[in-house]
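For reference, the structure discussed in these notes is given below.
Read-outs: derived from the displayed coordinates by stated rules, not from any lab. Model, not experiment: these values are computed from the prediction. All Cβ positions, glycine included, derive from the backbone under ideal geometry; neighbour counts span all protein chains shown.
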Amino acid sequence: MEVIFNASTIYKLGTPDNVSAPPTWTAQVMWDPDRPYQASLSGADHPIHGARGSKCIYRAILQQHGSNKDGRSATPVNAALKWVTGDVRVGFLKWEVGCYENQLRKLQGIAVPRCYGFFAGFVENTRVGCLVLEWCGGDLYLDEIEMNRQCMLAAARMHEAGILHGHLDERHFVVADDRTLRVIGFKYAGDHHCHGAIPFSTADPGPEAGDPKPEDSCLELTVLESIYGKYEEGSDMLMDHLVFKWTDVHKKM
């Protein structure tokens with residue numbers, strides 16, 4: 001893959017299995033029009049020498065060349081380049097792409113971003129890794145109830161697929177172009193056999209109130225349910241949906 005930062009800064013990365021393979025992908029980095037000085041790649045914005053060079057997210061136009069049957073290039077797409085340097089960070093990035101390409105493969109474009117691949121190489125004697133994902137930088141037009149519902153569904157689907165996120169907070173929910181939420185950031189993820197969770201109770205406090213909490217309930221889902229599983233009067237549909245979803249997860253895990 002060729003990553004084009006500007007006319008004079010073009011890096012070529014390969015796949016881990018064949019780092020010398022000729023590039024069939026091109027990623028043209030897009031710069032914020034309000035920060036035109038970025039294109040000079042001076043100071044902190046340089047992907048290798050800059051202060052942020054060890055880890056950075058770039059927005060790019062991604063195109064695969066000669067991918068159609070008639071030899072034409074595929075339609076360009078907006079992509080996020082998760083760019084890291086150093087052996088340790090590259091190792092974490094390889095772990096993330098393993099999650100995307102295995103347990104989370106069927107959830108790409110639904111609960112997690114589409115994954116276009118992982119590319120690596122050496123640039124100026126620096127180890128570089130680049131995870132290419134669907135760009136999810138949309139504006140959130142959802143009301144709070146719908147946002148909470150989507151957060152819980154995305155998390156439930158992820159657990160159903162056998163992945164524990166390990167660090168799931170509001171920073172790891174992003175908005176795709178279709179205005180649905182995606183979960184990102186699987187650096188600390190691990191294999192998971194989910195025991196499910198009980199929906200947040202709306203009963204009055206008391207010794208007999210609330211839903212029974214099984215001893216083996218999933219801690220990550222239980223914490224998320226306490227944050228995003230609440231609903232306001234008149235939003236019974238949300239609670240009904242969550243009851244159905246958590247019941248399904250509990251049965252399948």
**Prompt:** What ³J(HN,Hα) values, in whole Hz, does the Karplus curve 6.51 cos²θ - 1.76 cosθ + 1.60 give for segment 84-100 when θ = phi - 60°, with x put for Gly and Pro?
**Reply:** 10, 10, x, 4, 5, 5, 5, x, 4, 5, 5, 5, 4, 5, x, 5, 4
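What does the charge count around residue 105 come to, taking other residues whose C-beta lies under 14 Å from its C-beta (Lys +1, Arg +1, Asp -1, Glu -1)?
Values: positive: 106, 114, 157; negative: 96, 101, 134, 160.
Here the charged neighbours net out to -1.
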**chymotrypsin sites (Phe, Trp or Tyr not before Pro) restricted to DSSP loop in segment 125-200 with at most 14 other C-beta within 10 Å** = 141, 188
**Complete:** So, with points 7 Å from each Cα along the Cβ direction, the residue 144-residue 24 label distance in nm works out to 4.9 nm
